[in-house]
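Please read the structure below before turning to the comments.
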């Protein structure tokens, strides 16, 4: 899932802005593909929590090595930021990823992402009622639009057709993502805030430490990653689970996060968030091709309504 917590990027040239949009669109596409890759891995029996542990720990190691070589100064931690980094990483990033992965076990990738994408509406409501900050009344319109869209996606006139467990965990991912955004915003407002790159690294580090305590590495099911993967696409060819896991870490985590950061040096966060709305739509198309997860025309219309509601909420703050 893409994020946009970078401060305003200042005056941009048209060519630079076009590059920024392109980079963010590529990142959104890679994040969307990552959902399909993660679901394919879990279809082989790999546990969602273990998959989350592998993803963030491997990403943390990659980023740690990179920063140790290029910017060792960011490896120093201030005591005052440890608590916020732990909350940002564990309550936000870890729970978002784990709940999203669990929801993928019983929901189509596109629908799980759509529900998770309601997080900005929760953030807007939090800023209005929790922080008592000025928020336009459009937040109510955003909520109504998004709920109407979700009703179409769920096709409630046919009864509750979606997995209750999947929906609960998808909304859990949305709540955790909202926490992630709020704590990220708070971190950026601290004296001498961290740059998004090192913030991402330490967030991954906090999550890696959390999972190492909850489920120690000596009990990790390495054998599960030696088997063939699930069938991919109409051809039905298989990919080893370790190969899919490598793609998840490199192409689905490290590279898209860096593309997001690179794009935010060329476009503003508000502009990037609009491009980020393409992620669920891209995921719907790819999941249809790779996993055979199709949606009706009414559900696709509902998906567009949800994203319209999210966009309205983003602009209400």
FRET efficiency estimate (nearest 0.05) - Cβ-Cβ, residue 126 to residue 148, R0 22 angstrom: 0.50
MRE, 222 nm, helices only [DSSP H, n ≥ 4, -39500 (n - 2.57), over the chain, to nearest 500]: -21000 deg cm²/dmol
If you build a Gaussian network model of the chain, linking Cα atoms that sit under 10 Å apart, which residue out of 116, 293, 279 swings the most? 293
Once you order the gyration tensor axes a ≥ b ≥ c over the Cα atoms, which shape class does the stretch 127-194 get: rounded for a/c under 1.5, otherwise prolate or oblate by comparing a/b with b/c? oblate
Enclosed volume per residue, in Å³, of the convex hull spanned by Cα atoms of the stretch 14-316: 149 Å³
Where labels lie 7 Å past Cα in the beta-carbon direction, separation of residue 75 and residue 156 in nm: 5.3 nm
Could you work out the relative contact order of the chain? I mean the mean sequence separation of Cα pairs under 8 Å and 6+ apart, divided by the number of residues, in percent. 43 percent
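Only the coordinates and a few stated rules stand behind these numbers; no lab work does. Remember, it's a predicted structure, so these values are computed and weren't measured experimentally. Here Cβ is always computed from backbone atoms with ideal geometry, including for glycine, and neighbour counts include all displayed protein chains.
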